[in-house]
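Working notes, beginning with the structure itself.
The values are calculated or read from the model by the stated rules, or taken from the named source; none is laboratory data. Keep in mind that what you see is a predicted model, and the values were worked out from it rather than measured. All Cβ positions, even for glycine, are placed from backbone atoms using ideal geometry, and neighbour counts span all protein chains on display.
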Amino acid sequence: MSLKNISIVLIKPQIGENIGATARAMKNFGLSKLAIVNPKEKWPNTKAVYTSVKAVDIIHKAKVFKSTSDALRKSDIVFATTARIRNLNKKIYSLDEAVKIIKKSKKK
């Protein structure tokens, strides 16, 4: 499966270091498209660059959007993750289930 069409979208990241750490993790796994929706700190951000280490290219190519809908406009499938506890009635997919959904959508 090619990773070139996968984007990571950060919604209202609180600090530049979170953006940099995300870029670094993306680079480690072969991802390169980063979208940022309403970052709290000024963008571009030197803290994000510093934290990204060898993923500065991802930081420099990151696209900033004013709304989540703008960031997701060209997306066919969207999965969300959070560390925060939510009281939502949404289907939770395992990683294996998510991969099956993605593979199935590629056939369409």
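Just to be sure, is R73 free of Cβ contacts under 8 Å to residues at least 60 places away in the same chain, surrounded by fewer than 16 Cβ atoms within 10 Å (Cβ to Cβ) and of a type outside the set (D, E)? First the steps, then the outcome.
On the way: free of Cβ contacts under 8 Å to residues at least 60 places away in the same chain: yes; surrounded by fewer than 16 Cβ atoms within 10 Å (Cβ to Cβ): yes; of a type outside the set (D, E): yes.
When the stated conditions are applied, R73 passes them.
Can you tell me which residue among K63, K27 is touching a strand residue (DSSP E or B) at 6+ places or on another chain (Cβ under 8 Å) and at pLDDT 95 or above? Show your work before the answer.
Values: K27 fails: touching a strand residue (DSSP E or B) at 6+ places or on another chain (Cβ under 8 Å).
That would be K63, the only listed residue that is touching a strand residue (DSSP E or B) at 6+ places or on another chain (Cβ under 8 Å) and at pLDDT 95 or above.
Please go through region 2-19 and pick out each residue that is of a type in the set (A, V, I, L, M) and touching a Pro at 6+ places or on another chain (Cβ under 6 Å).
So in region 2-19, the residues of a type in the set (A, V, I, L, M) come out as 3, 6, 8-11, 15, 19.
If the condition is that a residue be of a type in the set (A, V, I, L, M) and touching a Pro at 6+ places or on another chain (Cβ under 6 Å), then I19 is the only one that fits.
Test I92 against the stated conditions and say whether it is of a type in the set (A, V, I, L, M, F, W, C), loosely packed, with under 12 Cβ neighbours inside 10 Å and farther than 30 Å from K42 by Cβ.
On the way: of a type in the set (A, V, I, L, M, F, W, C): yes; loosely packed, with under 12 Cβ neighbours inside 10 Å: yes; farther than 30 Å from K42 by Cβ: yes.
Answer is yes for this residue.
Which one is farthest from the chain's Cα centre (by Cα), of the residues in region 8-50 that are among the β-branched types (V, I, T) and crowded, with 20+ Cβ neighbours inside 10 Å? Spell out how you get there, then give the answer.
Step one: of region 8-50, the residues among the β-branched types (V, I, T) are 8-9, 11, 15, 19, 22, 36-37, 46, 49.
From the residues that got through so far, the ones that are crowded, with 20+ Cβ neighbours inside 10 Å too are 19, 22, 36.
On the way: I19: 9, T22: 8, I36: 8 Å.
Among those residues, the one meeting the criterion is I19.
Among the residues of region 51-69 satisfying the criterion of being touching a residue at least 24 places away in the same chain (Cβ under 8 Å) and closer than 24 Å to R84 by Cα, which is surrounded by the fewest Cβ atoms within 10 Å (Cβ to Cβ)?
Once the filter is applied, the top-ranked residue is K66.
Give the residues of region 70-95 that are within 19 Å of the chain's Cα centre (by Cα) and of a type in the set (D, E, K, R), sorted by residue number.
Once the filter is applied, which keeps residues that are within 19 Å of the chain's Cα centre (by Cα) and of a type in the set (D, E, K, R), region 70-95 yields D70, R73, K74, D76, R84.
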